[in-house]
Amino acid sequence: MERSGERSSLFYERCIIKSFKNNGSLHRIWLENWQVPDRLLHPGHAEQSMWVFVNDRTTIREADGKEWVSRVPAVSFFIPDQWFNVVALLEDKGIRYYCNVSSPPCRYDDVLTYIDYDLDVVLFPDGGWEELDRDEYDRHKKEYRYSPIVRMRAEEGLKQLQKRISEQAAPFEDAEVLRYYAEWKSQNSDKGDRLP
């Protein structure tokens, strides 16, 4: 079983990403993601112990079993102890950052999990941003009985996201997103579950 800091830092490793709801029900699965090796992490990202994943049109399975393929490549950022994660979507018009307020990530072997808490923030390529799904959060905090601690942490996660966006702090750095994708793409080959 691999936990933070115990995985190999030499290879891209395949990982499944699963999100759940607060009641334990499955929300969504991203079936093929590649974790960036420690040796290729930006020093500022390594300092924050970020887990960075790259995927390119991966299959996504919804809670009801329906599957679809993502339209664009993505670079995802998870920071231990932070109540959010960030997905940089490499679109034709530029990079759009889709940010989820969530529990801190847990990784066991080749599966990373987190709990999705509904609140989302989208940062557009032009620098504008928008908060989404406040109504869904308000509904689910009653339906799923979010504890006072979870509510406090979710709101703190939202504030931390907004602060990082306003300061253009990591991981909201287009050049690094593009570098991660380009390096992965250049080494992507049929070498099995580990890429150099």
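The values are calculated or read from the model by the stated rules, or taken from the named source; none is laboratory data. Just so you know, these numbers come straight off a predicted model, no measurement behind them. Ligands, DNA and RNA are excluded from the accessible area calculation, which covers all protein heavy atoms including side chains. Shrake-Rupley method; radii C 1.70, N 1.55, O 1.52, S 1.80 Å.
Before moving on, here are some points about what is shown:
- Over segment 13-124, the pair-distance histogram of Cα-Cα distances with 5 Å bins from zero comes to 2, 12, 21, 26, 24, 11, 3, 1 percent, rounded to whole numbers.
- Order of exposure, largest accessible area first, which applies to Val69, Val87, Val75 with probe 1.4 Å: Val69, Val87, Val75
- Karplus-derived HN-Hα couplings along segment 40-52 (A = 6.51, B = -1.76, C = 1.60, θ = phi - 60°), whole Hz, x at Gly and Pro: 9, 6, 4, x, x, 6, 4, 4, 8, 6, 5, 9, 10
- For segment 1-158, the solvent-accessible area of protein heavy atoms averages 49 Å² per residue (probe radius 1.4 Å; ligands and nucleic acids excluded).
- A simple rule links phi to the HN-Hα coupling: the Karplus curve 6.51 cos²θ - 1.76 cosθ + 1.60 with θ = phi - 60°, which for segment 145-160 gives 6, 4, 6, x, 5, 4, 4, 5, 5, 4, 5, 5, x, 4, 5, 4 Hz, with x for Gly and Pro.
- Trp68 exposes around 110 Å² of accessible area when a 1.4 Å probe is run over every protein chain in place.
- Where the alpha-carbon atoms of the chain are placed on the principal axes, they occupy 47, 36, 32 Å, in descending order.
- In this structure, the residue pairs whose Cα-Cα separation is over 23 Å, taken from Lys163/Lys185; Lys66/Lys159; Lys18/Lys141; Lys66/Lys93; Lys21/Lys66, are Lys163/Lys185; Lys66/Lys159; Lys66/Lys93.
- A full extension of the chain between Asp110 and Arg139 corresponds to an added length of 7.2 nm, given 0.36 nm per residue minus the alpha carbon distance.
- Between the amide H of Leu41 and any residue lying 5 or more places away or on another chain, no distance stays under 5 Å, with hydrogens modeled in the peptide plane.
- Expressed as a whole percent, the accessible surface of the chain that belongs to carbon and sulfur atoms is 49, based on a 1.4 Å probe.
- Residues considered: Ser49, Ser19, Ser166. Largest GNM mean-square fluctuation over the chain, using C-alpha springs under 10 Å, is found at Ser166.
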